[in-house]
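The values are calculated or read from the model by the stated rules, or taken from the named source; none is laboratory data. All of these numbers come straight from a predicted model, not from anything done at the bench. The accessibility values were calculated without ligands, DNA or RNA, using every heavy atom of the protein model including side chains. Shrake-Rupley method; radii C 1.70, N 1.55, O 1.52, S 1.80 Å.
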Amino acid sequence: MTGAENQQERLIEFRGWVIGFVDGEGCFSIGFVRQRCRPGRSGYKIGYEVAHEFAVTQGAQSVSTLHELHEYFGVGQVLANRRYDNHREHLYRYVVRRREDLLTTVIPFFRQYPLRSSKRDNFEKFASVVEMIDAGRHLTVDGLIEIAEIAETMNRRKPRHELIRILRDHTPEALDTGS
């Protein structure tokens with residue numbers, strides 16, 4: 001086997017490791033943050049920010065694996081989540097939040113090399129929401145409702161009924177109250 005063939009084989013093996021590792025330890029999540037208008041700061045048009053994040057979490061003893069992911073993808077960062085409770089070690093997270101990085105690196109990778117567990121469904125929903133946000137759909141009430149309905153079917157299936165009800169009853173005047 002030539003050096004180039006050997007290198008290609010190692011890349012394929014590592015790619016398989018990335019897919020399996022993310023299948024087991026990764027998370028694709030969509031969150032909502034209320035952003036009201038305040039004195040000196042204008043809130044979001046609809047009153048909510050939609051946050052998107054791809055993350056992989058490990059304990060301190062395995063943080064090197066997160067640095068390998070960071071090096072492989074070339075985007076995101078490894079963050080410490082220090083724990084001061086009864087846990088034995090701090091947690092670390094490899095996270096990619098920047099929309100451009102998700103659209104040009106993470107999403108194309110997992111579309112080309114699909115996950116194998118039920119996490120694939122969460123990824124597909126995540127990717128569609130990130131693309132909806134990129135198209136500006138989150139800036140309309142109908143688009144935000146659609147995103148919330150997708151998000152409530154992801155991961156632990158956290159109900160977004162209250163958010164969806166608020167958005168359906170949305171009136172622009174409600175956002176200017178500062179409450």
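A few notes on this one:
- Cα-based shape type of region 26-149, given that a ≥ b ≥ c are square roots of the gyration tensor eigenvalues and the cut on a/c is 1.5: oblate
- Per residue, in Å², the accessible surface of region 78-148 once ligands and nucleic acids are set aside, probe 1.4 Å: 56
- Around the amide H of residue 48, modelled in the peptide plane, lie the amide H atoms of 35, all under 5 Å away and 5 or more residues distant in sequence or on another chain.
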